[in-house]
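The values are calculated or read from the model by the stated rules, or taken from the named source; none is laboratory data. Everything numeric here is computed off the predicted structure, so don't read it as measured data. For neighbour counting, all protein chains shown are included, and Cβ atoms are generated from backbone atoms with ideal geometry for every residue, glycine included. Accessible surface areas use protein heavy atoms only, side chains included; no ligands, DNA or RNA. Shrake-Rupley method; radii C 1.70, N 1.55, O 1.52, S 1.80 Å.
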Amino acid sequence: MNTNANDLVQKLWNLCSLLREDGVTYHQYVAELAFVLFLKMAKETKREEQLPKGYRWDDLARREGMEQLRFYRELLLHLGTHGSSRVQDIYANASTSLRHPKNLNALVKALDALDWYGVDRENLGDLYEGLLEKNATEVKSGAGQYFTPRPLVDAIVSVLKPQPGETVQDPAAGTGGFLIAADRYVRAQTDNYFDLADPKRQEFQRKKAFYGVELVPETRRLALMNMALHDLESELILGDTLSPVGRDLPRADIIITNPPFGTKKGGGKPERDDFTFPTSNKQLAFLEHVYRGLKPGGRAAIVVPDNVLFEENVGQEIRADLMDKCDLHTVLRLPTGIFYAQGVKTNVLFFTRGQTDKGNTKSVWFYDMRTNAPAYGKRTPFLREHFADFEKAFGDDSRGKSRRKEQGAEGRFRKFTREELTLPGQMNRVRTPRVDGA
């Protein structure tokens, strides 16, 4: 984003102070702001035709006092059942946390007073994503679990290289970052889809190429707005991927996801009759969903905590099944401190589904961004440029088949055969590769 857009994000974030006496939390604020901001952005982008007449920005802004608050409550209910299908999805079961008319009026006036003309209309979606990022990095909001850092998202999409005509799935979509980034990548390769001369191909890209599932209604609402502002009309199902909803998803050419960490509530196992290895460990269950959900030759990237690489019993069985059915060609060991939970150690697994279900993984390359890495945070931001060496080492082939060069015992990029990884104690050595030679 440019400087004006960054300034606008900060001003919008600062509006939260207006709502504090209504007891609105940061996470509630972003959802509340979404309702009002969508109306304003629809006007600014000249897309108000998707909203029913009489329930648009000017209809809200011209009112004041209790009349405005009453109308706002009516508007939220009305838009949940009227307007375009995307508008109805965004406002489905919407309600307001605001109780004082003066706070709604202050919010509306503040939005009206901002310098919208300092922001490129094409970047209004980025502006909203900036708000989501602010919410994720604000410790008090607890929303970081729904937001994957943008530099990581872009790096993953860059190496997977989605192509026109391919389907891209995120079974734990959060606020939609992976789907939007994949759409952007294809748009950049096709002159915003204009190079796809066939109107049916263009429609496929906008409406069917990208799809996902999100469990939390309010998070799905934020994702839908995010997608709408990025001109992405694809389906985002409200549901649980670890239920039959996930079983019934069509197989994908690409799956990219950062699933929730932890165990299923109550210690229960996924309600999936297609899983060979049921487990209450959500990361392992999502991993099984991902490699089973790929088409033959399909490729995937999934963010997982360290325990997925080392957990015994069912963990060993799932990893063995993954390495049989897929070529697990690359593991990216991420630095700590880049997610909402500072101490969590995470990795990205990159793999390709085989044409057969046996013996696909012969060796695995580990790239270590964790050892001797700086402590990322507000003072040392995590940037896209930090992935430059990894992307170069990964190579140009999206299935990990580029000619690769091992950096040796002191380097960050090392290769291990499947046999080495299954030796007793060997995974412990891989767990913390030493790049300092110690």
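All but one of (1) at pLDDT 85 or above; (2) assigned to a loop (DSSP other than H, G, I, E, B); (3) out of contact with any strand residue (DSSP E or B) (no Cβ under 7 Å at 6 or more places or on another chain); (4) surrounded by 14 or more Cβ atoms within 10 Å (Cβ to Cβ) hold for Arg404, so report the exception by its number.
Status for Arg404: all satisfied but (3).
Which residues, counting only those in segment 315-341, are aliphatic (A, V, I, L, M) and surrounded by 18 or more Cβ atoms within 10 Å (Cβ to Cβ)?
So the first thing to find is which residues in segment 315-341 are aliphatic (A, V, I, L, M), and the list is 318, 320, 322-323, 328, 331-332, 334, 338, 341.
Listed by number, the residues that qualify are Ile318, Leu322, Met323, Leu328, Val331, Leu332, Leu334, Ile338.
What pairs come out if I take residues in segment 84-96 that are free of Cβ contacts under 8 Å to residues at least 24 places away in the same chain and pair them with residues that are open to solvent by 30 Å² or more (accessible area, probe 1.4 Å) whose C-beta lies under 8 Å away, six or more apart or interchain?
Gln88/Thr81; Gln88/His82; Ser95/Arg73
Could you pull out the residue among Leu179, Leu152, Leu222 that is open to solvent by less than 50 Å² (accessible area, probe 1.4 Å), in a helix (DSSP H, G or I), touching a strand residue (DSSP E or B) at 6+ places or on another chain (Cβ under 6 Å) and not charged (D, E, K, R)?
Details: Leu152 fails: touching a strand residue (DSSP E or B) at 6+ places or on another chain (Cβ under 6 Å); Leu222 fails: touching a strand residue (DSSP E or B) at 6+ places or on another chain (Cβ under 6 Å).
Residue meeting the stated conditions: Leu179.
Which of the residues spanning segment 295-305 are buried (at least 20 other Cβ atoms within 10 Å of the Cβ) and either free of Cβ contacts under 8 Å to residues at least 24 places away in the same chain or under 15 Å from Val168 (Cβ atoms) (or both)?
If the condition is that a residue be buried (at least 20 other Cβ atoms within 10 Å of the Cβ) and either free of Cβ contacts under 8 Å to residues at least 24 places away in the same chain or under 15 Å from Val168 (Cβ atoms) (or both), then Gly298, Arg299, Ala300, Ala301, Ile302 are the ones that fit.
Look at Arg292 and say whether it is open to solvent by 20 Å² or more (accessible area, probe 1.4 Å), without any contact (Cβ under 8 Å) to a residue 40 or more places away in the chain and within 30 Å of Lys401 (Cβ to Cβ).
When the stated conditions are applied, Arg292 passes them.
Residues Thr346, Thr361: which one is within 23 Å of the chain's Cα centre (by Cα) and crowded, with 20+ Cβ neighbours inside 10 Å? Full working, then the answer.
Details: Thr361 fails: within 23 Å of the chain's Cα centre (by Cα).
So the residue among Thr346, Thr361 that is within 23 Å of the chain's Cα centre (by Cα) and crowded, with 20+ Cβ neighbours inside 10 Å is Thr346.
How many residues, within segment 230-249, are touching a strand residue (DSSP E or B) at 6+ places or on another chain (Cβ under 8 Å) and open to solvent by 10 Å² or more (accessible area, probe 1.4 Å)?
Qualifying residue count, segment 230-249: 7.
Six or more apart or on different chains, Cβ atoms under 7 Å: show the pairs whose first residue is in segment 325-338 and within 18 Å of Val153 (Cβ to Cβ) and whose second is hydroxyl-bearing (Ser, Thr, Tyr) and open to solvent by 20 Å² or more (accessible area, probe 1.4 Å).
Pro335/Tyr376; Gly337/Tyr376; Ile338/Tyr376
Report, ordered by the first and then the second residue, all pairs with beta carbons closer than 6 Å, sequence separation of six or more or different chains, a first member in segment 190-210 that is over 16 Å from Asp231 (Cα atoms), and a second member that is buried (at least 17 other Cβ atoms within 10 Å of the Cβ).
Pairs found: Leu196/Gln202.
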